[in-house]
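Read-outs: derived from the displayed coordinates by stated rules, not from any lab. None of these values were measured; they are calculated from a predicted model.
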Amino acid sequence: MKSKLFITLATIAISSQSSFAALYTLNSGTGSTASGIVDLAGNAFRGGTSVGDTFTGTAGGTSAGPGVVGFGIFSTDTLSSLSATNLVNAFTVFGGTVAFNTAGTTGNRSVYTDPQGATVTGSSFAGKSVYLFAGNGTTYANSTQFLVAKATSFTFNASDDALPTPTVYTIRPDNSTVLFGTTVTNVLTASTDTSTTAGWKMAAVVPEASTALLGAIGALGLLRRRRN
């Protein structure tokens with residue numbers, strides 16, 4: 001009887017431990033001096049509509065929205081030559097993703113807050129560096145431009161699974177390394193935005209192999225027509 005009781009209590013204890021999840025909040029700072037993200041055309045991603053221009057995007061059609069942002073881990077740091085599919089597949093999101101226009105804090109330069117919860121203990125996140133991953137579409141899958149920034153000083157910690165309050169990570173150009181994209185000296189969202197806080201610019205992905213092949217076939221066809 002005692003052994004059965006011990007097994008029952010141990011099972012309850014293990015299941016209660018496994019239900020713990022670490023809570024993290026990722027952001028790019030607060031207010032008009034926060035780090036921002038722009039696409040290749042210089043359009044800023046940001047939440048809210050009260051200041052500056054809201055980026056609406058074109059990836060995935062007219063319904064594509066103001067960009068997607070999330071954080072998690074990457075299986076490789078060699079990202080510059082990856083296609084969109086491989087880049088997305090190399091990423092494991094912690095919790096979920098959010099759109100810039102629904103990401104919480106409103107500001108004029110890509111200010112976002114992304115509160116997420118997931119288990120770190122015994123998972124693929126334990127001890128791994130935190131990555132910021134943003135795309136210019138409504139999802140990573142329909143994005144054509146991306147930004148990847150790797151935090152240089154903080155990681156997902158197993159001990160955070162037992163903490164009742166979120167651990168806040170603020171990722172900025174000065175505490176991260178850009179693996180995909182570039183840093184910029186200022187992210188302007190309106191002519192009245194005169195602050196000079198640094199931010200990031202997205203980069204376009206290399207064409208998928210099939211797309212590149214179709215393009216080459218089309219170019220070859222044009223050459224043949226001109227010769228004829």
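Points to keep in mind about this one:
- Cα pair distances in the stretch 117-176, grouped into 5 Å bins until the bin that holds the longest one, percent each: 4, 16, 20, 19, 19, 15, 5, 1
- Taking amide H positions as modeled 1.01 Å from N, with prolines and chain starts lacking one, the residues under 5 Å from Trp200 and 5 or more places away or on another chain are Gly36, Ile37, Val38, Val184.
- Taking amide H atoms as placed 1.01 Å from N in the peptide plane, the amide H of Tyr169 lies under 5 Å from those of Thr25, Leu26, Asn27, each 5 or more residues away in sequence or on another chain.
- Couplings 3J(HN,Hα) of the stretch 83-93, computed from phi: 6, 4, 4, 5, 5, 5, 5, 7, 9, 10, 6 Hz, in residue order, whole Hz [Karplus 6.51 cos²θ - 1.76 cosθ + 1.60, θ = phi - 60°; x for Gly and Pro].
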